[in-house]
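Please treat every number below as a calculation from the coordinates, not as lab data. Just so it is clear, the structure is predicted and the values come from calculations on it, not from any experiment. Note that each Cβ is placed from the backbone with ideal geometry, even for glycine, and that neighbours are counted across all protein chains shown.
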Amino acid sequence: MNISVVIPMYNASSTISDVLTSVVQQDYDRRIEIIVIDDGSTDSCSNIVNDFIGKNDFDIKLINKPNGGVSSARNLGIENASYDWIAFLDSDDIWLPSKLRRQVEVVESLSSNVDFIGCARNNESLRIGLRKIKTLHKAVVRELLVKMFPQTSTALIRKSVLQELGGYDTSFTHAEDGELWIRICTKYRFYYLPESLVITGGGKPNFGHSGLSANLQAMSDGGMKILNMAIKRGDVSHLEGAIFRVFYYFKSLRRVIIRSLN
């Protein structure tokens, strides 16, 4: 399995070198290409990437585009990918050296009957309701509506799946990954590996901190939009949708309370 790594980048001068290094240092013996999409940055991150390219004998492409958001950047990366599998990596996240190797080992152990595989990050355990996921898990849509997982930088996906679905919905500014994950999980084989192979956001928790992930109202609105689209497509029934709406209300309230206590 040869892999295209898509890294959207916006003003990431302080982190992008470490991110690229984490890909170059993968203990994976097949072909890897890195596609960095500079989404209209105003800092020196493109210069840093070009300097990195000059110092490393590795297949790295830098593509510049006007600022259009992370979804459009990832879609452009998908369009320019050479290989049949795509791994997403954000410009402030780090892969552990065994990340790709472990995921590919799992895919091949299942005779390649996998279209999507994510993994744990930051040594966190995944709980869906009261259940802790301890072994390789094939997910269903309702589980993702309860607990959106996995994080973007853990995902390894067949390029053909992304192409068939049209990639990311660029109308989303929050929860864009969740929207795409739901569409993938509805039609394809979606797996989660409970091994922590990625460090995201410097190891911070999912919410309660500054930054995009801390915009709780926007996250809540994005989640509700995903649910409404899932109901419209028939992924869940209207009755299930009503139950999920109540669940989302209390989930959002819980996040606000936790945020206020931090």
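Given the options GLY178, THR200, ASN50, identify the residue whose Cα lies farthest towards the positive end of the charge dipole of the chain (+1 on Cβ of Lys, Arg; -1 on Cβ of Asp, Glu).
GLY178
Please name whichever of LEU20, ILE257, HIS137 sits farthest to the positive end of the charge dipole of the chain, dipole taken about the Cα centre and charges placed at Cβ: Lys and Arg +1, Asp and Glu -1.
ILE257
Give me LEU239, LEU96, LEU20 ranked fewest to most by other Cβ atoms within 10 Å of their Cβ, as a rough exposure proxy. It would help to have the intermediate numbers written out before the result.
Details: LEU239 9, LEU96 18, LEU20 24.
Lowest count first: LEU239, LEU96, LEU20.
Suppose every Lys and Arg Cβ carries +1 and every Asp and Glu Cβ carries -1, with no other charges. What dipole size does the stretch 1-154 come out with about its Cα centre, to the nearest 20 debye? Display every interim value, and only then the final one.
On the way: 17 positive and 20 negative charges, 177 e Å.
Dipole size: approximately 840 debye.
Angle between the Cα long axis of helix 45-55 and the longest principal axis of the chain, 0 to 90 degrees, nearest 10?
It works out to around 50 degrees.
For the residues SER196, SER125, what sequence is obtained by ranking on other C-beta atoms within 10 Å, fewest first?
Values: SER196 16, SER125 10.
Neighbour counts put them in this order, fewest first: SER125, SER196.
Among the listed pairs LYS147/LYS251; LYS147/LYS225; LYS61/LYS159; LYS132/LYS251; LYS65/LYS99; LYS134/LYS225, give every one whose C-alpha distance is greater than 22 Å. It would help to have the intermediate numbers written out before the result.
On the way: LYS147/LYS251 10 Å; LYS147/LYS225 15 Å; LYS61/LYS159 18 Å; LYS132/LYS251 18 Å; LYS65/LYS99 29 Å; LYS134/LYS225 30 Å.
Those over the limit are LYS65/LYS99; LYS134/LYS225.
Restricting to bridges with both residues inside the chain, how much of the DSSP beta-bridge set is antiparallel, in percent to the nearest 5?
Details: 11 of 35 bridges.
Around 30 percent antiparallel, to the nearest 5.
Place a +1 charge on the Cβ of each Lys and Arg in the chain and a -1 charge on the Cβ of each Asp and Glu, then give the dipole magnitude about the Cα centre in debye, rounded to the nearest 20. Intermediate values should be presented prior to the final figure.
Values: 31 positive and 29 negative charges, 261 e Å.
The dipole magnitude comes to about 1260 debye.
Relative to the Cα centre, what is the charge dipole magnitude of the stretch 1-90, using +1 at the beta carbon of each Lys and Arg, -1 at the beta carbon of each Asp and Glu, and rounding to the nearest 20 debye? Numbers along the way, then the final one.
Values: 6 positive and 13 negative charges, 31 e Å.
Value, rounded to 20: 140 debye.
Report, in whole Å, the centroid distance computed from the Cα atoms of the stretch 129-196 and the stretch 47-76.
The distance from the Cα centre of the stretch 129-196 to that of the stretch 47-76 comes to 25 Å.
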